[in-house]
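What follows is a single structure, written as structure tokens, with notes after it.
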Amino acid sequence: MQSITIKGSKRESVGKKATKALRNADKVPCVLYGGEQPIHFSANEISFKPLVYTPNVYTATIELDNGESYNAIIQDIQFHPVSDRILHVDFYQLHDDKPVTMNIPVKLEGIPVGVKNGGVLRFPNRKLSITALPKDLPDFINLNIEKLKIGDKLLVGEVETEKFKFNQADSMVIAQVRMARAAITTAVDDDEEEEGEETAASEESAEKTED
């Protein structure tokens, strides 16, 4: 998985006044968990832009001004309710031998047969939660959907994987091809038209019999 570097400075004071001063200087107070003890540091707010404001998922390389460096993932992030500015970020340190859980974006490949035949693709789950060792974390979960026909569904349990495990139920739908609403309406209209023709034919037959 691709990584984005965050350059930060260790925080000596973690009180409210120090935190407010950091935010006034356009810096974000952060905490790194997962080590022997939490590490408090701050980083420029602008440095989080490529890590937070993106549909993609990245790990973070945290480089502190004292020479220390850590690989991590975002565990939690707090935004201001009005301005949407980043108020606080919690990171979790990655260890080569410890699995971690992340939400990974799904990338669909190919055009389904059902769509070519007039169906509509539904993609309700664009990210999936997985657990894997850091070295096995993918940038995307690539799924080929070319064989999906109208009425077919791609379920989590149908996806073969060896390097990570899914945290959703096997029955959860990732993508499906449904009949287009216009096609359903047309089919209903055709049925009603056929019924009308059959009724008219029956009435005409009945009139001839009476004559």
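Can you tell me the relative contact order of the chain? Whole percent, Cα pairs under 8 Å, sequence separation 6 or more.
16
Could you put Glu12, Glu109 in order, starting from the residue whose Cβ has the fewest other Cβ atoms within 10 Å? Each step should come with its number before you reach the end.
Details: Glu12 7, Glu109 10.
Exposure proxy ranking, most exposed first: Glu12, Glu109.
Using the basic label-point model (7 angstrom from Cα toward the beta carbon), what is the Lys7 to Leu121 distance in nanometres?
4.1
What does the charge add up to near Asn44, with Lys and Arg as +1, Asp and Glu as -1, over the other residues with Cβ less than 15 Å from its Cβ?
In short, +3.
Pull out a ≥ b ≥ c, the square roots of the eigenvalues of the alpha-carbon gyration tensor of the chain, then state rounded if a/c is under 1.5, prolate if not and a/b is larger than b/c, and oblate in the remaining case.
Cα axes put the chain in the prolate bin.
Quick check on region 101-179: take the gyration tensor over C-alpha atoms, sort the square-rooted eigenvalues as a ≥ b ≥ c, and tell me if it's rounded (a/c under 1.5), prolate or oblate.
Cα axes put region 101-179 in the prolate bin.
Placing +1 at every Lys and Arg Cβ and -1 at every Asp and Glu Cβ, with all other atoms neutral, what dipole size does the chain have around its Cα centre, in debye to the nearest 20?
Details: 25 positive and 35 negative charges, 562 e Å.
Roughly 2700 debye for the chain.
Could you state the angle between the C-alpha long axis of helix 181-210 and the longest principal axis of the C-alpha atoms of the chain, as a value from 0 to 90 degrees rounded to the nearest 10?
Taking Cα atoms only, the helix is inclined about 10 degrees.
Please report the net charge: other residues with Cβ closer than 12 Å to the Cβ of Phe79, K and R +1, D and E -1.
Combined, the nearby Lys, Arg, Asp and Glu give -2.
Among Val31, Val106, Val14, which one shows the biggest mean-square fluctuation in a GNM of the chain, springs joining Cα atoms closer than 10 Å?
In the Gaussian network model the winner is Val14.
Region 15-99: which GluC sites (Glu not before Pro) are DSSP loop and have at most 12 other beta-carbon atoms within 10 angstrom?
Those satisfying the criteria are Glu36.
Under the 0.36 nm per residue contour assumption, what length would be gained going from the current alpha-carbon distance of Glu146 and Ser69 to full extension?
23.4 nm
In a shell of Cβ-Cβ distance under 13 Å around Gly114, excluding Gly114 itself, what net charge do Lys and Arg (+1) and Asp and Glu (-1) give?
With Lys, Arg at +1 and Asp, Glu at -1, the neighbours total +4.
Quick check on my link table: of Lys27/Lys49; Lys27/Lys98; Lys107/Lys147; Lys49/Lys163; Lys127/Lys147; Lys116/Lys163, which ones sit more than 24 Å apart, alpha carbon to alpha carbon?
Lys27/Lys98; Lys49/Lys163; Lys116/Lys163, as the Cα separations exceed 24 Å there.
Bear in mind that the values in this text are calculations on the coordinates, not laboratory data. The shown structure was predicted, so the numbers you read here are calculated from the model rather than taken from an experiment. As a convention, Cβ positions derive from the backbone with ideal geometry for all residues, glycine included, and neighbour counts pool all protein chains shown.
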